[in-house]
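Engineer: One structure coming up, written as structure tokens, with questions to follow.
The values are calculated or read from the model by the stated rules, or taken from the named source; none is laboratory data. Every value quoted in this text rests on a predicted model; they were computed, and no experiment measured them. Cβ placement follows ideal geometry from the backbone for every residue including glycine, while neighbour counts extend to all protein chains displayed. Note: accessible area is taken over every heavy atom of the protein model, side chains too, but ligands, DNA and RNA are not part of it. Shrake-Rupley method; radii C 1.70, N 1.55, O 1.52, S 1.80 Å.
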Amino acid sequence: MENERGVIDRLHHTDAWRLFRILAEFVDGFELLSGIEVPLVSVFGSARFGPGHPAYALGEDLGRALARAGFGVVTGGGPGLMEAVNKGAYEAGGVSVGLNIELPHEQRPNHYQTHSLQFRYFFVRKVMFVRYAVGFVVLPGGFGTLDELTEVLVLLQTGKVHPFPLFAMDRNYWQGLEAWIRNTLAEHSAVGPQDPGLLRLADRPEEVIEVFRKELEAHDHA
């Protein structure tokens, strides 16, 4: 019994120090992102789709177009589509933020970041994606991308964040999910009748930029 108690005490001691590390990550993120003066768009997408994948070119085009339109991009900072978006924005001379995470596989920081943060905790990183974003774009991806997409949908649905546009690109990749939300979840009243409209589909960067601009203008005049 004494040995068990000793283990519990050591765990509590470790947890206390972990709180300081968590707080430090929040402080670093808030300080960096709050100091960026351009509106930020958070972009999610697979780390597995490299330069040979069609979605990589889409990511580059999106990052470039957002930068030229006066927006900064925020990605997970890794390879694949995160790299593509950062690269497009970086080469266009825009703000290119990478919120990097320590993972055993798939994650290494890309070289196209004007601002970079390193996180140990997923939940802190997720807060940073949402806190300063004026819009979201979800590119093709797998479980991690779906996790990020559904978490943002829940935050929008429950009103826990300020309302902002959420797009999924391209239509061919995401139309099955969008149809399932509309035809299955909504039909069974698992979501509200207005909730399917939280996710919009798009094919071209210009489509999302037009909506982001209108949202900013409406916010400025509110």
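Engineer: Looking at PHE123 and the list (1) closer than 28 Å to ASP195 by Cβ; (2) of a type in the set (Phe, Trp, Tyr); (3) in contact (Cβ under 8 Å) with a residue 12 or more places away in the chain, which single condition is not satisfied?
Structural biologist: (3)
Engineer: Something else now. Would you kindly identify the helices (runs of 4 or more DSSP H) lying entirely within region 126-222 that contain at least 2 residues that are touching a Leu at 6+ places or on another chain (Cβ under 7 Å) and aliphatic (A, V, I, L, M)? Spell out the reasoning first.
Structural biologist: Details: elements: 143-158, 171-180, 205-221.
In region 126-222, the matching helices (runs of 4 or more DSSP H) lie at 143-158.
Engineer: Here's a follow-up. Here are some residues: ALA186, ALA133. Which one is surrounded by 13 or more Cβ atoms within 10 Å (Cβ to Cβ), small (Gly, Ala, Ser) and farther than 17 Å from PHE44 by Cα?
Structural biologist: Numbers: ALA133 fails: farther than 17 Å from PHE44 by Cα.
The conditions single out ALA186.
To keep it simple, each residue is scored yes or no on (1) closer than 20 Å to LEU139 by Cβ; (2) out of contact with any Asp or Glu (no Cβ under 6 Å at 6 or more places or on another chain); (3) not aliphatic (A, V, I, L, M).
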| residue | (1), (2), (3) |
| --- | --- |
| ASN172 | yes, yes, yes |
| ILE181 | yes, yes, no |
| LEU185 | no, yes, no |
| PHE212 | yes, yes, yes |
| GLU217 | no, yes, yes |
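Engineer: Same structure again: Which of the numbered conditions does ARG108 fail, given that it passes all the others? Conditions: (1) touching a strand residue (DSSP E or B) at 6+ places or on another chain (Cβ under 6 Å); (2) in a loop (DSSP other than H, G, I, E, B).
Structural biologist: With respect to (1) touching a strand residue (DSSP E or B) at 6+ places or on another chain (Cβ under 6 Å); (2) in a loop (DSSP other than H, G, I, E, B), ARG108 is out only on (1).
Engineer: Give the residues of region 25-64 that are crowded, with 23+ Cβ neighbours inside 10 Å, outside any loop (DSSP other than H, G, I, E, B) and of a type in the set (Gly, Ala, Ser), sorted by residue number.
Structural biologist: Result: SER42, GLY59, GLY63.
Engineer: Test GLY78 against the stated conditions and say whether it is in contact with an Asp or Glu (Cβ under 8 Å, 6 or more places away or on another chain), surrounded by 21 or more Cβ atoms within 10 Å (Cβ to Cβ) and at pLDDT below 95.
Structural biologist: Details: in contact with an Asp or Glu (Cβ under 8 Å, 6 or more places away or on another chain): yes; surrounded by 21 or more Cβ atoms within 10 Å (Cβ to Cβ): yes; at pLDDT below 95: yes.
So GLY78 fits the description; yes.
Engineer: Okay, moving on. Filter region 155-179 for residues that are loosely packed, with under 13 Cβ neighbours inside 10 Å and either under 28 Å from ALA57 (Cα atoms) or small (Gly, Ala, Ser) (or both) and give the result.
Structural biologist: Here is the first cut: in region 155-179, the ones loosely packed, with under 13 Cβ neighbours inside 10 Å are 158-160, 162-163, 171-172, 175-176, 179.
Once the filter is applied, which keeps residues that are loosely packed, with under 13 Cβ neighbours inside 10 Å and either under 28 Å from ALA57 (Cα atoms) or small (Gly, Ala, Ser) (or both), region 155-179 yields GLY159, ARG171, ASN172, GLN175, GLY176, ALA179.
Engineer: Just one of (1) under 21 Å from TYR132 (Cβ atoms); (2) open to solvent by 10 Å² or more (accessible area, probe 1.4 Å); (3) not in a helix (DSSP H, G or I) trips up ALA67, so point out which.
Structural biologist: All conditions are met except number (3).
Engineer: Further, regarding this structure: For region 86-103, what are the residues that are part of a loop (DSSP other than H, G, I, E, B) and either under 18 Å from GLY50 (Cβ atoms) or at pLDDT 95 or above (or both)? It would help to see each step written out before you state the result.
Structural biologist: Initially, region 86-103 is screened for residues part of a loop (DSSP other than H, G, I, E, B), giving 92-95, 102-103.
Result: ALA92, GLY93, GLY94, VAL95, LEU103.
Engineer: Please go through region 153-196 and give me each residue that is touching a helix residue (DSSP H, G or I) at 6+ places or on another chain (Cβ under 9 Å) and of a type in the set (Gly, Ala, Ser), ordered by number.
Structural biologist: Selection gives ALA168, ALA186, ALA190, GLY192.
Engineer: Looking at region 149-178, which of its residues are at pLDDT 95 or above, in contact with a strand residue (DSSP E or B) (Cβ under 7 Å, 6 or more places away or on another chain) and not aliphatic (A, V, I, L, M)?
Structural biologist: PRO165, PHE167, ARG171, TRP174, GLN175, GLU178
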